[in-house]
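First comes the structure, then the notes that go with it.
The values are calculated or read from the model by the stated rules, or taken from the named source; none is laboratory data. Just so we're clear, the structure is a prediction, and the values are computed from it rather than from any experiment. Heads up, the Cβs are rebuilt from the backbone with ideal geometry, glycines too, and the neighbour counts pull from every protein chain shown.
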Amino acid sequence: MEYIGGEPEPGCLFCRALADPEAELVVDRPPGALLLLNKFPYNSGHVLVAPAAHKGDLTDLDMQETAQLMAAVQLTLRVLRQELRPEGFNVGVNLGRVAGAGVPDHVHFHVVPRWNGDTNFMPVLAEVKVVNEHLTRTAEKLRQAFAAAH
């Protein structure tokens, strides 16, 4: 409720996290990118992968920024596969607010681990999404896994 009813933080979520070496949900900072857990995850391990450059569209990125962003997405997939052992992934980008972009001025990928049966009756009956591990615990586990992957 604090998030819904409170004042939005000024500036870009990703740029604030890039500038803050202690940002709570950041799990890795590979070259040219930022990896952080989604504060409102669809599933455990839902990672947002953003370029360091504050640009709103994939077509705004130059070739080096694009290569670094895709390398970060690949790294995220490898680490999540190893650490969380999902059976699949949803990987996507929402371009523009009407497409669902919550941060339309800073392009980013959503990497969502998926398991067979991870959708259940809770969102339908109780309007509640069950996430099986606290975000700070997942963040610590993934920080260690990303550090070992470098």
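So here's what we get for this one:
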item: The one condition in (1) in contact with a Ser or Thr (Cβ under 9 Å, 6 or more places away or on another chain); (2) assigned to a loop (DSSP other than H, G, I, E, B) that L35 fails to fulfil; result: (2)
item: Matching residues in the stretch 29-55 - criterion: being modelled with pLDDT under 95 and over 16 Å from R143 (Cα atoms); result: F40, P41, Y42, N43
item: Some residue of the stretch 74-84 being of a type in the set (S, T, Y) and either in a strand (DSSP E or B) or surrounded by 15 or more Cβ atoms within 10 Å (Cβ to Cβ) (or both); result: yes
item: Some residue of the stretch 53-73 being in a helix (DSSP H, G or I), basic (K, R) and surrounded by 12 or more Cβ atoms within 10 Å (Cβ to Cβ); result: no
item: Where a residue in the stretch 34-57 is within 20 Å of H134 (Cα to Cα) and its partner, wherever it lies, is among the acidic types (D, E) and assigned to a strand (DSSP E or B), with Cβ under 6 Å and at least six apart; result: L35/D28
item: Cβ-Cβ under 8 Å pairs, at least 6 apart or on other chains, the stretch 4-30 side over 20 Å from A147 (Cα atoms) and surrounded by fewer than 19 Cβ atoms within 10 Å (Cβ to Cβ), far side modelled with pLDDT of 85 or more and of a type outside the set (S, T, Y); result: E9/R16; C12/H54; C12/V103; C12/D105; C12/H106; C15/H54; C15/H106; R16/A23
